[in-house]
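**Student:** My questions will all concern the structure given below.
Values in this text are rule-based calculations from the coordinates and carry no lab data. Just so it is clear, the model here is predicted, and its values are computed rather than measured. Cβ coordinates were reconstructed from backbone atoms using ideal geometry, including for glycine residues, and neighbour counts include every protein chain displayed.
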Amino acid sequence: MIQGSTRRWSMVKDAWRQYHTMYLFMLPFIILFVIFVIAPVLTAIYLSFTYFNMLEPPKWIGLSNYRLLFLEDDVFLIAVKNTLLFAIITGPLSYLISFTLAWFINRLRMRQLYTLAFYAPSITSGIAISVIFLYLFSNDRYGVLNYLLIQVGLITEPINWLTEQSTIMPVIIIISLWMSMGTSFLVFLAGLQSVPMELYEAGMVDGINNSLQEVWYITLPVMKPQLLFGAVMAIVSSFAVFQIAAQVSGVPSPLYAGHTIVAHLYMHGFIQFEMGYASAIAVVLFFITYVLGQLSMRLFSERT
Amino acid sequence: MSITTRGKNRFKRLISREASPAEYIVMTILALVTLLPIVYMVSTAFKPIEEMFLYPPRFLVQHPTIRNFVELLLAIDSFSVPFTRYLFNSLFVAAATVTGSVVLSSLAAYPLAKYPRMPGAKLFFTIIVSALMFAPEVTQIPRYLIVDKLGMIDTYAGLIVPALAGTYGLFLMKQFMEQLPTELIEAAKVDGASEWRIFWQIVMPLVRPAWITLIIFSFIGTWNDFFTPLIFTRSEQMKTLPLMMSSIGGGPGIVARYGAVAAASLVITLPTLIIFVLLQRYVMQTMAYSGIKS
């Protein structure tokens with residue numbers, strides 16, 4: 001026992017002697033990471049079991065927040081439904097579009113120009129672009145979309161895109177898809193450029209005779225790390241949908257039609273100051289994205 | 001005979017990975033459609049107010065004017081804080097965050113990339129990759145409580161310091177640094193250079209594409225960030241451009257002061273586009289390394 005602990009101690013001393021400069025290199029980041037990432041995650045988990053309104057100290061209430069959340073909070077269920085609908089559509093779709101566009105761009109000259117065109121929407125300020133979309137989807141006949149549809153004869157009366165329960169979510173999805181050629185898109189593009197030519201040549205010798213086979217048997221396996229990164233990003237960003245939804249339809253939105261999990265979190269946390277309850281929402285969201293993230297890790301490591 | 005020629009042609013077609021004219025046409029149309037809202041934004045910023053309420057609505061501006069930009073400055077003047085203050089806040093917070101995160105994440109990435117056998121390095125990197133898997137929104141409440149406890153609410157520190165713990169930068173730098181030849185570092189050590197000097201004089205110049213990429217992402221992220229300043233600031237003096245935009249616009253779903261808002265949209269979008277265009281070539285050298293090996 002004592003021997004074990006002295007041995008461990010000497011290992012620590014060895015590691016320190018050998019690597020102390022390196023530990024010092026990492027120290028500033030680690031301190032900030034612990035304070036602003038690790039501690040908040042642990043605090044969120046703890047607070048989710050308490051009642052906390054920021055005026056009195058947190059009061060332990062066990063699983064009550066979770067019980068309330070899943071059994072009695074109908075608005076949360078709407079938020080979950082909206083978020084799932086959003087994620088199921090935009091997650092895979094944005095992933096596929098990003099990869100497909102990257103694949104085609106990789107074959108073109110003036111790649112930089114095409115890359116910029118598709119990437120630009122994702123770096124425009126969300127708040128600035130929502131203003132533009134408010135013009136385009138404007139509820140009256142001054143709205144460009146309404147005008148066009150009336151002109152073409154598809155509708156006779158302007159559609160209230162941003163207040164109608166049935167159109168809010170589709171509008172949010174369209175704007176999000178438009179903005180979704182982001183980091184993953186660049187990662188795919190760079191990944192495609194880094195696949196060694198010899199592999200394609202070897203593939204042809206092995207009898208690959210069309211582009212689809214080439215993508216499936218050569219490109220995709222080589223690009224697994226980039227594809228996994230893209231998958232993780234797609235999952236995280238599609239489940240965290242909030243900003244566009246909030247700017248298009250407000251918090252809370254008409255009949256909660258644009259209400260998402262993060263919107264629910266925001267509403268309870270920063271409008272009603274129910275920090276314990278909001279933390280429970282955060283933990284649920286964290287759990288969903290983490291499980292899906294691990295699942296995609298598994299998926300990508302099996303397909304060798 | 002005919003079979004061999006066909007085989008040869010096929011070989012040629014695949015080897016010259018040239019797109020067909022049809023592909024160019026389709027991709028160009030798609031690119032233009034994607035750019036439409038941005039073109040509309042630029043065009044609207046220069047529209048005189050009468051043109052904004054034209055019926056039928058016009059997509060492009062007929063008689064461009066800079067009146068909207070003047071109105072933007074005037075609209076802000078009726079606020080307690082001048083436009084330049086929001087601009088300064090945005091620039092200062094972005095510059096400090098970018099500098100800080102490049103330095104801190106590069107420093108932390110170097111040991112992870114080049115001394116993977118260092119005790120704790122593997123575990124730490126696993127934690128970093130897991131941290132990529134949750135949205136920052138998840139930790140916003142406790143982070144707010146911590147920032148509050150540290151007395152950083154409504155200060156520049158509150159807008160800058162928490163952002164330095166961003167995990168993507170560290171992840172990217174580590175992945176890129178891994179491909180540096182270890183012999184180079186060993187050789188410098190034999191010559192008697194300290195780790196500190198090796199880092200600044202050998203490693204950092206070699207991974208320039210990576211940290212330039214990080215500058216772009218960190219700048220765009222901070223510049224566009226709406227949520228953090230919304231929660232961490234209280235006084236008008238500490239607010240950044242995205243918050244200013246939402247106050248002159250009049251809130252979600254409402255569009256007031258059309259002209260000023262349209263001008264502000266352009267002002268706020270331009271810097272991110274410019275910085276990306278200027279530094280784009282470095283991004284492509286870096287992004288292939290942004291993969292997760294499972």
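**Student:** Expressed as a whole percent, how much of the Cα-Cα distance distribution for segment A:1-113 exceeds 22 Å?
**Tutor:** 71
**Student:** Largest first and in whole Å, what are the equivalent-ellipsoid semi-axes of segment A:2-47 based on the Cα gyration tensor, each being the root of 5 times an eigenvalue?
**Tutor:** After scaling each eigenvalue by five and taking roots: 29, 18, 4 Å.
**Student:** How do A:D14, B:D148 rank when sorted from fewest to most other Cβ atoms within 10 Å of their own Cβ?
**Tutor:** Lowest count first: A:D14, B:D148.
**Student:** Determine the relative contact order of segment A:1-151: mean sequence separation of Cα pairs under 8 Å and six or more apart, normalised by residue count, in whole percent.
**Tutor:** 6
**Student:** Please enumerate, by chain and number, the aspartates and glutamates with C-alpha under 17 Å from the C-alpha of B:K47, excluding those fewer than 8 residues away in the same chain.
**Tutor:** B:E71
**Student:** Next question, about the same structure. Taking H placed 1.01 Å from N in the peptide plane, check which residues at least 5 places from A:Y51 or on another chain put their amide H under 5 Å from its amide H.
**Tutor:** Under 5 Å from the amide H of A:Y51 lie the amide H atoms of A:K59, A:W60, A:I61, each far enough along the sequence or on another chain.
**Student:** If you take the alpha carbon radius of gyration of segment A:240-304 and divide it by 2.2 N^0.38 Å, what ratio comes out, to two decimals?
**Tutor:** 1.41
**Student:** Ok, one more. Using a Gaussian network model of chain B whose springs link C-alpha atoms within less than 10 Å, name the residue from B:K149, B:K239, B:K47 with the highest mean-square fluctuation.
**Tutor:** Checking each option, the largest mean-square fluctuation is seen for B:K149.
**Student:** Gaussian network model of chain A, Cα springs within a sub-10 Å range: biggest mean-square fluctuation belongs to which of A:M233, A:M169, A:M197?
**Tutor:** A:M197
**Student:** Using the Cα atoms of chain A, I'd like the radius of gyration and the largest Cα-Cα distance, Dmax, both in angstrom.
**Tutor:** 24.7, 86
**Student:** I would also like to ask the following. From the alpha carbon gyration tensor of chain B, can you work out the equivalent ellipsoid semi-axes (sqrt of 5 times each eigenvalue) and give them in Å, largest to smallest?
**Tutor:** 40, 34, 16
**Student:** Using the Karplus equation 6.51 cos²θ - 1.76 cosθ + 1.60 (θ = phi - 60°), what ³J(HN,Hα) coupling, rounded to whole Hz, does each residue of segment A:95-111 give in order, writing x for Gly and Pro?
**Tutor:** For segment A:95-111, the Karplus curve yields 5, 5, 4, 4, 5, 4, 4, 4, 4, 5, 4, 4, 8, 8, 7, 6, 3 Hz.
**Student:** Follow-up. Take the cross-link list A:K59/B:K122; A:K224/B:K114; A:K59/B:K149 and give me the ones stretching past 27 Å between alpha-carbons.
**Tutor:** A:K59/B:K122
**Student:** Need one number for segment B:189-294: average projected area of the convex hull over its C-alpha atoms, nm².
**Tutor:** Taking the Cα atoms of segment B:189-294, their convex hull projects to 11.5 nm² on average.
**Student:** Another question, if that's okay. Can you list the HN-Hα couplings for segment B:109-116, worked out from phi with the Karplus curve (6.51, -1.76, 1.60; θ = phi - 60°), rounded to whole Hz and with x for Gly and Pro?
**Tutor:** 6, 4, x, 5, 7, 9, 10, x
**Student:** Principal axes first, then extents: for the Cα atoms of segment A:75-147, list largest minus smallest coordinate on each axis, whole Å, largest first.
**Tutor:** 47, 34, 22
**Student:** Can you pull the three principal axis extents for the Cα set of the protein assembly as shown, in Å, largest first?
**Tutor:** 87, 81, 49
**Student:** Looking only at B:L278, B:L243, B:L266, which one moves most when chain B is put into a Gaussian network model with springs between Cα atoms under 10 Å?
**Tutor:** For chain B, modelled as a Gaussian network with Cα springs under 10 Å, the answer is B:L278.
**Student:** Taking the Kirkwood radius as the inverse of the mean 1/r across Cα pairs, report the Rg/Rh of segment A:179-304.
**Tutor:** For segment A:179-304, the value is 1.17.
**Student:** Taking the mean number of other Cβ atoms within 10 Å as a proxy for protection, how do you rank A:31-37, A:204-210 from highest to lowest?
**Tutor:** A:31-37, A:204-210
**Student:** Oh, and also: May I ask you to derive the relative contact order of segment A:160-304, considering only C-alpha pairs under 8 Å and at least 6 residues apart, and to give it as an integer percent?
**Tutor:** Once divided by the residue count of segment A:160-304, the mean separation gives 26 percent.
**Student:** Specify the inter-centroid distance of segment A:174-195 and segment B:152-183, based on alpha-carbon positions, in whole Å.
**Tutor:** 22
**Student:** Using the Karplus equation 6.51 cos²θ - 1.76 cosθ + 1.60 (θ = phi - 60°), what ³J(HN,Hα) coupling, rounded to whole Hz, does each residue of segment B:129-145 give in order, writing x for Gly and Pro?
**Tutor:** Result, rounded to whole Hz: 5, 5, 5, 5, 8, 10, 5, x, 4, 4, 9, 4, 5, x, 5, 4, 4.
**Student:** Give me, ordered by chain and number, the residues 5 or more places off B:T233 or on other chains with an amide H under 5 Å from its own placed amide H.
**Tutor:** Correct list: B:D154.
**Student:** Divide by every residue of the protein assembly as shown the summed helix terms, -39500 (n - 2.57) for each DSSP H run of at least 4, and state the resulting mean residue ellipticity at 222 nm, rounded to the nearest 500 deg cm²/dmol.
**Tutor:** Helices in the protein assembly as shown give a 222 nm mean residue ellipticity of -21500 deg cm²/dmol.
**Student:** Kindly put B:F92, B:F171, B:F176 in sequence by how many other C-beta atoms sit within 10 Å of each C-beta, fewest to most.
**Tutor:** By the 10 Å Cβ count, ascending: B:F92, B:F171, B:F176.
**Student:** For peptide A:113-121, compute the average count of partner chain beta-carbon atoms within 10 Å of each residue's beta-carbon.
**Tutor:** Per residue, the number of nearby Cβ atoms from other chains is 6 on average.
**Student:** Separate question: With a 10 Å Cβ neighbour count serving as the proxy for reagent exposure, in which order, fewest first, do A:W161, A:W178, B:W196 appear?
**Tutor:** B:W196, A:W178, A:W161
**Student:** Rounded to the nearest 20 Debye, what is the dipole magnitude of the protein assembly as shown about its Cα centre when Lys and Arg each give +1 and Asp and Glu each give -1 at the C-beta?
**Tutor:** I would put it at about 1560 debye.
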